[in-house]
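Peer 1: The structure follows.
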Amino acid sequence: MIKKYVYLGRFSPFHLGHERLLKASIRHFGADNCLVIIASSSSLNKRTPYSFEARQKMIQGIFPTVEILPLPDAQPELEFFDGSTNGVWLDQIEALA
């Protein structure tokens with residue numbers, strides 16, 4: 001079984017705090033064992049003003065060898081989340097595994 005360190009976030013934008021945590025993870029686990037999952041990959045609104053592709057490029061510009069996968073919103077039209085779709089997100093994360 002292959003184990004990966006998963007870093008899940010919206011990364012809208014990918015900032016220095018995100019960068020520091022991912023750098024530490026790569027030092028500890030290795031780049032090949034790190035997986036970044038960009039949540040809200042299907043959303044584009046005030047809360048998520050960058051497309052999946054733009055956020056992916058932000059991360060790849062610093063970490064070109066880290067694997068990055070999208071995680072779409074269950075209800076991309078929602079600008080604010082009430083927790084009602086948490087189960088759907090967990091199912092999607094398990095499917096990625």
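Peer 1: What are the pairs with Cβ atoms under 9 angstrom where one residue, in region 59-73, is under 9 Å from Cys34 (Cα atoms) and the other, located anywhere, is open to solvent by 50 Å² or more (accessible area, probe 1.4 Å) and assigned to a loop (DSSP other than H, G, I, E, B)? Sequence gap at least six, or different chains.
Peer 2: What qualifies is Glu67/Lys4.
Peer 1: Among what's in region 52-67 and is in contact with a Phe, Trp or Tyr (Cβ under 6 Å, 6 or more places away or on another chain) and over 25 Å from Ile2 (Cα atoms), pick the residue that is most open to solvent (accessible area, probe 1.4 Å).
Peer 2: Selected residue: Met58.
Peer 1: Next question, about the same structure. Select, from Glu67, Glu94, Glu79, the only residue that is modelled with pLDDT of 90 or more and acidic (Asp, Glu). Break it down stepwise before answering.
Peer 2: Numbers: Glu94 fails: modelled with pLDDT of 90 or more; Glu79 fails: modelled with pLDDT of 90 or more.
After ruling out the rest, the residue left standing is Glu67.
Peer 1: Tell me, which residue of region 1-37 that is in a loop (DSSP other than H, G, I, E, B), open to solvent by 30 Å² or more (accessible area, probe 1.4 Å) and not aliphatic (A, V, I, L, M) is modelled with the highest pLDDT? Walk me through it before giving the result.
Peer 2: In the first step, residues of region 1-37 are kept if they are in a loop (DSSP other than H, G, I, E, B); the result is 1-4, 10-15, 30.
Subset that is open to solvent by 30 Å² or more (accessible area, probe 1.4 Å): 1-4, 10, 13, 15.
The next check asks that each one be not aliphatic (A, V, I, L, M); those that pass are 3-4, 10, 13, 15.
Values: Lys3: 84, Lys4: 88, Arg10: 91, Pro13: 94, His15: 97.
For region 1-37, the residue satisfying everything is His15.
Peer 1: Got a number for residues in region 22-58 being without any contact (Cβ under 8 Å) to a residue 24 or more places away in the chain and either closer than 21 Å to Leu96 by Cα or under 13 Å from the mean Cα position of the chain (by Cα) (or both)?
Peer 2: 8
Peer 1: Look at region 38-51 and say how many of its residues are aliphatic (A, V, I, L, M) and open to solvent by 60 Å² or more (accessible area, probe 1.4 Å).
Peer 2: Within region 38-51, residues that are aliphatic (A, V, I, L, M) and open to solvent by 60 Å² or more (accessible area, probe 1.4 Å) number 1.
The values are calculated or read from the model by the stated rules, or taken from the named source; none is laboratory data. As the structure is a computational prediction, the values presented were derived from the model and not from experiment. A quick note on method: Cβ atoms are made from the backbone with ideal geometry, for glycine too, and the neighbour counts reach across all protein chains shown. Heads up: the accessible areas ignore ligands, DNA and RNA and are worked out on the full protein's heavy atoms, side chains in. Shrake-Rupley method; radii C 1.70, N 1.55, O 1.52, S 1.80 Å.
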